[in-house]
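**Student:** First, the structure itself, so that you have it in front of you.
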């Protein structure tokens, strides 16, 4: 899996569209499992770009993206960082699910808007917790 | 994770829409990683319903679905079976990726149609290989 990682600076990783595509699947599955565990029943979700974009804009890595971004680009950057951390074996998906789950204060029947806000907070926590495994710059 | 599984006959599992949603993320991530490893570069893919529908219609489980299905329902059934096997700890995602990868004879630059046909064959193999972990009926 490590062989799939070719870029090693924050800017390169965050702009790697292949990593972003793989990270998209990773982030969706981790969120879906975390949400299922919090609600106590199996379910699935496509995490919206806006949620991930807000989360990465709170983080130091965002200073290194090196260009202006819309929500889609910013979400891609978040997904690419998670793929990098996962592929290099630094944090397994189980741990990502666990961190999201601990910080995901959603309930059954909540509005999608409220869920999106709470999901953003959980994704901020996830990025902070895995930050030590990212390149410094 | 096991607590998320509430149904235990093939028919119940294949018609469980919660499992199907979670399985959707699982199948997409496993396929994306298998494809990345085969091609030697990170990429991601949403597996099309038609691919999974064709794969499950080749399998004995399909006799138990208990209703007529369109491609969306049949794909949901495939996804639900994979989620069941994963959540009950019978087969990990790494092994699913490995089985897909072994049988995925795609190449760079192949048409989407050809890739879909080859993906179908890999998903048939995957279902056959995990079949022993499914309920008999």
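**Student:** Measuring label to label, 7 Å along Cα→Cβ, what does residue B:12 give against each other copy in nm, shortest first?
**Tutor:** Counterpart label points of residue B:12 in the remaining copies fall at 5.2 nm.
**Student:** Okay, moving on. Given a 10 angstrom Cα cut-off, can you work out which residue in B:35, B:67, B:21 is the most mobile in a GNM of chain B?
**Tutor:** With Cα springs under 10 Å in chain B, the top fluctuation among B:35, B:67, B:21 is at B:67.
**Student:** Could I get the Rg over Rh figure for the stretch B:26-137? Both from C-alpha atoms, Rh via Kirkwood, rounded to two places.
**Tutor:** Ratio of gyration radius to Kirkwood radius: 0.95.
**Student:** Still on this structure, please answer the following. Taking a label point 7 Å out from Cα toward Cβ, give me the nm distances from residue A:135 to the same spot in the other copies, shortest first, one decimal.
**Tutor:** 5.1
**Student:** Quick one: if you stick a label point 7 Å off each Cα along the C-beta vector at residue B:102 and residue B:125, how many nm between them?
**Tutor:** Calculated label separation equals 0.8 nm.
**Student:** Among B:39, A:10, B:29, which comes first, second and so on when ranked by fewest other beta-carbon atoms within 10 Å?
**Tutor:** B:39, A:10, B:29
**Student:** Now for a different question. Rounded to whole angstrom, how close does the nearest chain A beta-carbon get to the axis mapping A onto B, and which residue is it?
**Tutor:** Result for the axis mapping A onto B: A:29, 2.
**Student:** Angle between the Cα long axis of helix B:71-87 and the longest principal axis of chain B, 0 to 90 degrees, nearest 10?
**Tutor:** 80
**Student:** Still on this structure, please answer the following. With N denoting the number of residues in the protein assembly as shown, provide Rg(C-alpha) divided by 2.2 N^0.38 Å, to two decimal places.
**Tutor:** 0.99
**Student:** Can I ask one more? Roughly how tilted is helix B:17-39, in degrees to the nearest 10 and between 0 and 90, from the longest Cα axis of chain B?
**Tutor:** Approximately 20 degrees, to the nearest ten.
**Student:** To the nearest 10 degrees, how steep is helix B:112-130 against the longest Cα principal axis of chain B, on a 0 to 90 scale?
**Tutor:** The answer is roughly 40 degrees.
**Student:** Using a label point 7 Å beyond Cα on the Cα-Cβ vector, give me the inter-copy distances for residue B:50 in nanometres, one decimal, shortest first.
**Tutor:** 3.3
**Student:** Report, in whole Å, the centroid distance computed from the Cα atoms of the stretch B:1-69 and the stretch A:54-71.
**Tutor:** 34
**Student:** Along the Cα→Cβ direction, 7 angstrom out, place labels at residue A:46 and residue B:8. What is the inter-label distance in nm?
**Tutor:** Here the modelled spin labels are 3.6 nm apart.
**Student:** For Cα pairs less than 8 Å apart in space and 6+ apart in sequence, what is the mean separation divided by the residue count of chain B, i.e. the relative contact order in percent?
**Tutor:** 36
We did not get these values from a lab; they are worked out from the coordinates using the rules stated. The structure presented is a predicted model; accordingly, all values stated were derived computationally and were not measured. Here the Cβ is made from the backbone with ideal geometry for all residues, glycine too, and neighbour counts use every protein chain on show.
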